[in-house]
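Structure, as structure tokens:
Laboratory data are not the source of any read-out in this text; all were calculated from the coordinates shown. Just so it is clear, the structure is predicted and the values come from calculations on it, not from any experiment. Here the Cβ positions follow ideal geometry from the backbone for every residue, glycine too, while neighbour counts run over all protein chains shown.
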Amino acid sequence: MSGLTEIFQKATAAALPAIPITVKLANTTKKPQEKIKKVSKDEPKVVDVKQAEDPERTARTLFVGNVPLPVAQEKAAAKEFRALFAPFGTISSVRYRSLPLKKSLPKKVAVMTGDFGDQHDSCHAYIVMESSSSLPAAISSLNGTLFRQKHLRVDSASNADSKPDSKKSLFLGNLPRKITEESIWRLFESVGPVTNVRIVRDAHRGECKGIGYVAFKDRAMVPLGLQLNGTVIDGRAIRVSKCAKPGYAGKKKEFKRKTKEQSEPVHPAARRKEIKEQRTRYTKINQSRKEERDAKRSHAAPIKSEKSAKRPSKSSASPVNSKKQRKSN
């Protein structure tokens with residue numbers, strides 16, 4: 001029998017070969033969730049090295065405002081613009097910013113093709129010089145220079161976004177969206193020599209936000225410039241006022257913050273109780289005043305009646321006495 005079983009096992013093994021079966025089990029173990037680290041306000045923010053500005057490069061960079069737009073479009077105009085600054089030192093690079101862009105075109109395509117919008121007809125330029133010693137001479141000589149019918153604003157790049165001297169400047173409000181620096185310059189140039197015109201514009205569209213500044217060479221021109229308040233430009237009456245003192249806005253915000261911190265929140269029930277007490281107090285005051293008025297009236301009534309009793313009435317007076325009085329008079 002054992003021989004027969006061996007023969008049967010060999011026959012079945014040859015007829016049906018062993019097939020390996022692999023079973024994949026699903027991984028039911030959950031991965032631990034990563035905890036989100038909360039950054040506290042006290043921790044310093046990480047600044048990208050590429051975005052950080054080099055202070056040494058900024059110290060030798062010139063800011064030029066109210067640059068004609070053809071300078072960023074035409075090679076001949078750009079060459080003429082560079083030649084204006086060449087006598088003061090070697091120019092390392094020139095960058096153009098605040099260009100009027102279209103919504104349909106990206107910034108790179110607009111710069112390469114020179115296809116810009118019609119928001120304004122000027123831009124800003126940053127001229128990097130090889131040496132910072134050439135900046136003072138360029139600023140004193142070229143600030144206010146008329147280049148292609150536009151007055152250039154030349155200053156150091158570190159002072160580009162700073163507000164002008166409040167004692168020599170005026171604040172402008174309600175400006176049109178498509179106003180230009182040149183139109184403001186020519187308007188206030190009739191009062192006195194202008195050194196700086198700045199229009200606050202939108203970073204993306206380049207349109208005016210409605211406010212600006214104008215700085216004079218002499219402090220005595222500020223009262224004369226205030227007389228231009230209400231001048232109509234492109235259908236808008238502009239507002240001209242004195243500039244606030246430096247640090248005034250910061251002090252105002254700090255005062256509001258301190259008063260907000262000092263004022264404790266009041267519960268609604270306590271507030272209702274306070275209003276009720278205030279009403280009762282006012283009603284008592286009004287009632288006491290009413291009583292005083294009534295007392296004065298009651299006291300004054302008998303005095304009037306006594307006087308009227310002493311005075312002889314017209315009806316009681318005899319006609320003879322009345323005739324005698326008329327003759328005597």
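The figures follow:
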| read-out | value |
| --- | --- |
| Dipole moment magnitude, nearest 20 debye, segment 163-244 about Cα centre, only Lys, Arg, Asp, Glu C-beta charged | 240 debye |
| Nearest-0.05 FRET efficiency for ARG257 and ARG148, computed from C-beta distance (R0 41 Å) | 0.30 |
| Contact order normalised by residue count of segment 163-244, Cα under 8 Å, 6+ apart, percent | 43 percent |
